[in-house]
Amino acid sequence: MKRNLIIATLVVFACSFIFLLSSCAKKQVITEEKEIKAPPKEVAKVEKEKPPVEKEKEAEIERAERVRLERLKELEFAKKREAEAIEAWKERRAIKFEAESIYFDFDKSFIRTEYRPDLKKKAGYLKDNPNINIRVEGNCDERGTSEYNLALGERRANSAKEFLLSLGISPDRIDTISYGEERPLASGHDEGSWAQNRRDDFVIIKK
Amino acid sequence: MKLKSILASKTFFNKRAIFHTLIWILVLWIGIIFQKKEVEARLYIDIASPSMRKISIAIPDFKYLGKKNEHPGLISKFPGIISNDFDLSGYFRTLDKDSFIEGPGSGITRDAIHFKDWSVIGATLLLKGGYECIGEQLKVEARLFDVFSGRQLYGKRALGLVEQSRYLMHRLGNDIIFTLTGHPGPFLTKMAFVGTSTGHKEIYISDYDGHNLKQTTSYNTITLSPRWSPSGDRMIYTSFRDSGTVLFMHDMIKGSVTKISDRKGLNIAATWKPNGKELALTLTIGGNPDIYLIDITGKILKKLTRNWGIDVSPTFSPDGKKMAFVSNRSGSPQVYVLDLINNKVERLTFEGNYNTSPVWSKLDRIAFAGSSDGHFDIYTISPDGKDLHRVTKEQGNNEDPCWSPDGRYIAFSSNRTGNHHIFIANANGENQRQVTFFKGDQLSPSWTQHSK
């Protein structure tokens, strides 16, 4: 019991002593540290920061190397991220390519002025992606006969095709089909629905 | 009661007398018609149609004539079938069964009928019938009487199987119409149409009255524009079965299907030439929708239209010398007539901003669907552009007209009751009746062009 008590008080003393010393003189700390066998990390670092001149140089080289590697890693990561972003962007663009339909006036098949930029974008996309083909699908609203509307839908698909051809896209990359009034997007029987159904859809077909 | 009925019969006497004379005039006409079939046959209905009064007819339950009462359901089924036929024919007003006062002891022969029971309720004609079954063999007879004179105007017996009861009744009905008008009735004709009940557009066939429905195609896609061949043994239609539009020929006897035209672009809106050997259809092989004449193997014989516009929906005159079609060459879809001899094209429709789906009848009238106020309606017009007549008015959209084989009736699809269903009407638009009541839409009817 007594021995235990003595050891305990000694330890407490030692600890407080070390605490005091470490705040005053670092050199002495080294020896004390070794005895205690519980060096706080900060202290250990402090020890390394105090090497001779050669050691300091080595450390510096090491550090530079580490930084370089890190930067390299970062660069690679950034590259990867950028590639991913481009891929995603491309995909988004492709989806947009398919999602962006163009719309027509009742019983008409000419390309409305506001859709010309869209078609130019589509042509640009086709030029950037020579490995894909597309299908233009012409659609009509429900008014009129299914027969006339099949012909009208064909004309609408051909209008977009002609426009893309005029922008330098090869004709064998563009297929057309007419669904006439058979594939309405909106099921209503009013101008709001009809306007959505008078359209060309663009579908990407991988080569 | 007795006094009342006598009074009633007296008040009816005048009307009866009028009806009586009408019937005799009719019978006389029939005599004339038989001698000058071609000319008078058409005049009869045309003269009569604007102010034609329907003849009232009573059709009581049929009598079982055998010893054992087999298939008792036929007692009311037979009069039901023929009542519906007579109602659809437009010639008759069928009297309500609830008004019949005849006692149970009466028979179907002249001597066993108390005609006063029928004159009292306003019947001009009385159709009595009876049947007998031996197993599945069926013998059915029908007798038509003039109620005023008690004279039998018609009497015939038909033999067949119980399952043919609708067919047998239609046959007797046709015969009666022939007796009264000089023209066979349309009761044995069939209708093909596009139906959407499965969620796809498929071709269906039914009797002209909408009964006996059969699904012809099961392609699970869009199939359109059925057209019976003139002899009724084949049908053509356009289907997306193999991606784009392809024209198919369906052999209705063998059930086989062959591709007739699967050229690049459109292969649509095909129609038969009356000779049954050639077809006209719209192709886009030249880059533009134009009408071509092909043979039934699909070989192109001739390009019929050359124009920058859309040319679709051809239909031939009964003599095959002219073709009506739809073109937007003037800006909006209109009906044009092409003379196939001198290649001259003349515009037929000028009223309204959208006129389409012409069909040429055997009585040389052209029906089409036209829109002027946002709704589509059926019109008929003479091939020379005269005598425009409106068939439907303020009853939803009415489209896809087609003619009965004799040109006396017109069928079309209308959404007046909600979905699109097939309706038939007299050529002048009177007596419009819904004949299909199936799930989904029924569109684009084609009436068989031969009368059995």
I need the Debye-formula profile for region A:100-206: one equal scatterer per C-alpha, no solvent, reported as log10 I(q)/I(0) at q = 0.13 1/Å, two decimals.
-0.43
Under a point spin-label approximation (7 Å from Cα along Cα-to-Cβ), what is the residue B:350-residue A:128 distance to one decimal in nm?
5.6 nm
Sparse-neighbour loop sites [chymotrypsin sites (Phe, Trp or Tyr not before Pro); region B:277-334; at most 16 other C-beta within 10 Å; DSSP]
B:308
Assuming 0.36 nm per residue, please report the length gained on full extension of the stretch residue B:303 to residue B:67 beyond their Cα-Cα distance.
78.3 nm
Determine which aspartates and glutamates satisfy two conditions relative to residue B:277: a Cα distance under 18 Å, and not lying fewer than 8 residues away in the same chain.
B:233, B:251, B:295, B:319
Which whole-number percent gives the relative contact order of chain B, counting Cα pairs below 8 Å spaced six or more residues apart?
10 percent
Have a look at region B:190-447 and give its Rg and Dmax from the Cα atoms, expressed in angstrom.
17.0, 47
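Going through the cross-link list A:108/B:201; B:128/B:214; A:73/A:207, which pairs have a Cα-Cα distance over 30 Å in this structure?
Values: A:108/B:201 26 Å; B:128/B:214 32 Å; A:73/A:207 36 Å.
Table pairs above 30 Å Cα-Cα are B:128/B:214; A:73/A:207.
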Provide the solvent-accessible area of residue B:436, counting protein heavy atoms only and rolling a 1.4 Å probe, rounded to the nearest 10 Å².
0 Å²
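Apply the a/c threshold of 1.5 to the C-alpha gyration tensor of region B:130-276 and tell me whether it is rounded, prolate or oblate. Mind dumping the intermediate values first?
Details: a/c = 3.21, a/b = 2.32, b/c = 1.38.
Taking the square roots of the gyration eigenvalues as a ≥ b ≥ c, region B:130-276 is prolate.
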In this structure, among A:96/A:161; B:190/B:273; B:190/B:259; B:97/B:439; B:139/B:439, pairs with alpha-carbon gaps over 28 Å are B:97/B:439; B:139/B:439
Against the longest alpha carbon principal axis of chain B, how many degrees, from 0 to 90 and to the nearest 10, is the axis of helix B:74-89 turned?
50 degrees
On a C-alpha basis, how far is the centre of region B:55-70 from the centre of region B:150-220 in Å? Whole number, if you could?
21 Å
Please give the helix B:165-181 orientation as an angle from the longest Cα principal axis of chain B, in degrees from 0 to 90, rounded to the nearest 10.
80 degrees
Rounded Å value of the spacing that divides the Cα centres of region B:412-452 and region B:235-252
23 Å
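The values are calculated or read from the model by the stated rules, or taken from the named source; none is laboratory data. Source: prediction; values computed, not measured. Ideal geometry is used to build each Cβ from the backbone, glycine not excepted, and the neighbour counts take in all protein chains shown. These area figures cover heavy atoms from the full protein model, side chains too; ligands, DNA and RNA do not enter into them. Shrake-Rupley method; radii C 1.70, N 1.55, O 1.52, S 1.80 Å.
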